[in-house]
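The values are calculated or read from the model by the stated rules, or taken from the named source; none is laboratory data. What you are looking at is a predicted structure, and each value in this text was computed from that prediction instead of being measured. In this analysis, Cβ positions are derived from the backbone assuming ideal geometry, glycine residues included, and neighbour counts consider all displayed protein chains. These accessible areas exclude ligands, DNA and RNA; they are computed on the full protein's heavy atoms, side chains included. Shrake-Rupley method; radii C 1.70, N 1.55, O 1.52, S 1.80 Å.
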Amino acid sequence: MSTSRTTLARGLATAVGVVSLVSLAGLAAAAPGDPGKPRYTAGSSGAGDSYFPYAGNGGYDVQHYDLAIDYTPPAAAPAPLEGQLQGVATIDLTATQDLDRFNLDLRGMTVSAMTINGKPATGIAPPAPGAEVDGAAYWHVQDDAERRWELTVQPRPKLKKGQEVELVVTYSGTTVRPVDIEEAPYGWYTTRDGAIVVSEPDGSMTWYPVSDHPTDKATYSFAITVPEGKVAVANGLPDGPPVTANGRTTWSWDAVDQQASYLTTASVGDFEVRPVTYSPSGVPIHDFVDTKLSTNQRNTTNASLALQPRMIDFFESTFGPYPFVAFGSSVDNDSVGYALETQTRPVYSGSASQGTVAHELAHQWLGNAVSPDDWKYIWLNEGWATYATWLWNEEAGIRTAQAAFDTWYGPARTPEYWALPIGDPGPLGLFATQVYNRGAGTLHALRLTVGDDAFFEGAQTWVERYDDDTATSADFQAVYEEVSGQDLDAFFEAWLVTPAKPALP
Ligand code: TRP
Ligand code: ZN
């Protein structure tokens, strides 16, 4: 049966339309390189992560996300704690294989329209496995039980490897309070006055269509429109002043540095917009502080944020030049129970303590500029950020790194504590205390093993070599074997893998 594209577009996503589109006779494309078989294949539905098989996607590389989001926070209590989000995501990507179709990740939102290089695609119900679909189309599978959220795009004509595509996805949804695999709050987390947006490890898909894995970094721009009086804080630098029309204000942001998806933010709230300050090296610092913090929270936060220029200076001397165009904080009186190192602009819950500000700032080099190639390498983020805080505490005259190490290493701990292999802690162990403290202990023990000169040279080499990229524990070991001339197999085995207390070096 032949149906013209215009007819299909009008009958969009009706059950009848779907049946007319799908022919069950077709089989999925064979593997590439099979002689005589089609070479256009489906991009993979995951980036190959050990813990999150459906996070990220294969077959293409995103260059840029332009996110135009219109958001209305919940009405006053007792109205439900739900916001309304409408988005238009313009995604520039390049095919990395000949593509019959490819996926994005999108959770809890509904797509209403899509264009591929300016031409509309038709929204249909998910076809049966192996079924062929005629024409440019998209469909969305959302399986909360399996944590599988996949928006499939079928471009027509098919894409050749190297071809550039501009995809425009129009979507909307009611925002709620998503949780991660261990049921911690994350993603577009609705608050009474707006939203706290913190998406580690795979929560960005709750607010825009994305290849949600650190291995596909991209640049971002944002235009976040909210009711007049609300402030929207995203990554990078403001792209001009906020613009108000008809009772709504658009906050535009430009994030020109390569950025992993989990580090995007666009928090909305009643923020005080603080005057810009600068690090000694000239990094602009844009801070946003909830007007509703308690006096205690505000005092703590103010004291910590005032240290940001000095902290940037100290970490630049330790890890090399600050890696991005901006820094600053957003501090919300609502809470997700933790802070996150969202790129250029960490998010704090309730208040920002000095130690947490040092931790989230250190992540800009360790975690953000250099990101984990797989979530099993989370210790490279959290161990480093924790160790960097030990270093800052020494710099600030609070406590030496050696004393911090002794305080951690000295006391008796349970066998279960030592049993967690931080080099592969499992999806439910990503943010376990051992990943942070044994991770920092590993770095201090490494320093004692290779000496200060090699240790700090290695830290700078690590950041320089993998800046804007991702890396593994093996890459890390290779850097330290290079700078120290030592074989570190036994060291990393004892500290990252062996489920027992490592001996002192
Ligand atoms: N990565 C955050 C930090 O160390 C912490 C974090 C993210 C977290 N998600 C979490 C902590 C969930 C506990 C639970 O700054
Ligand atoms: Zn951290």
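At a glance:
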| item | result |
| --- | --- |
| Which listed residue is modelled with pLDDT of 95 or more and over 30 Å from G83 (Cα atoms), from F288, F314, F327 | F314 |
| Filter result (assigned to a strand (DSSP E or B), surrounded by 22 or more Cβ atoms within 10 Å (Cβ to Cβ) and of a type in the set (D, E, K, R)) within the range 83-117 | R101, D105 |
| Members of the range 374-387 found to be within 11 Å of ligand 1 (Cβ to nearest atom) and either modelled with pLDDT under 95 or not hydroxyl-bearing (S, T, Y) (or both), listed by number | I378, N381, E382, G383, W384, A385 |
| Verdict on V289 being more than 16 Å from ligand 1 (Cβ to nearest atom), assigned to a strand (DSSP E or B), open to solvent by less than 40 Å² (accessible area, probe 1.4 Å) and among the hydrophobic types (A, V, I, L, M, F, W, C) | yes |
| Selection count where residues are of a type in the set (A, V, I, L, M) and touching a Ser or Thr at 6+ places or on another chain (Cβ under 6 Å), scope the range 306-338 | 4 |
| Cβ-Cβ under 8 Å pairs, at least 6 apart or on other chains, the range 140-166 side on the phi > 0 side of the Ramachandran plot, far side open to solvent by less than 50 Å² (accessible area, probe 1.4 Å) and not in a strand (DSSP E or B) | R147/F52 |
| Test result for G383, among the small types (G, A, S), open to solvent by less than 30 Å² (accessible area, probe 1.4 Å) and closer than 30 Å to E182 by Cα | yes |
| Filter result (away from ligand 2 (no atom under 15 Å from the Cβ), surrounded by 20 or more Cβ atoms within 10 Å (Cβ to Cβ) and more than 19 Å from V231 (Cα to Cα)) within the range 320-353 | Y322, P323, F324 |
| Any hit, the range 354-372, residues being away from ligand 2 (no atom under 13 Å from the Cβ) and over 18 Å from W462 (Cα atoms) | yes |
| Pairs with Cβ under 6 Å, 6+ apart, first in the range 344-373 and modelled with pLDDT of 95 or more, second among the charged types (D, E, K, R) and away from ligand 1 (no atom under 11 Å from the Cβ) | A369/D467 |
| Elements of type strands (runs of 3 or more DSSP E) contained in the range 185-252, each with 2 or more residues being away from ligand 1 (no atom under 16 Å from the Cβ) and farther than 30 Å from P53 by Cβ | 218-227, 231-234, 243-245 |
| Condition check for V141: within 15 Å of M114 (Cβ to Cβ) and part of a strand (DSSP E or B) | no |
| Given (1) without any contact (Cβ under 8 Å) to a residue 60 or more places away in the chain; (2) open to solvent by 50 Å² or more (accessible area, probe 1.4 Å); (3) within 17 Å of the chain's Cα centre (by Cα), number of the condition G229 does not satisfy | (3) |
| Flag for Q364 being surrounded by fewer than 24 Cβ atoms within 10 Å (Cβ to Cβ), over 16 Å from Y436 (Cβ atoms) and within 16 Å of ligand 1 (Cβ to nearest atom) | no |
| Test: residue in the range 408-427 that is within 16 Å of ligand 1 (Cβ to nearest atom) and not in a loop (DSSP other than H, G, I, E, B) | yes |
| Tally, over the range 148-184, of residues that are more than 16 Å from ligand 1 (Cβ to nearest atom) and part of a strand (DSSP E or B) | 20 |
| Residue satisfying condition, being of a type in the set (V, I, T), more than 13 Å from ligand 1 (Cβ to nearest atom) and touching a Leu at 6+ places or on another chain (Cβ under 8 Å), within set V357, V347, V331 | V331 |
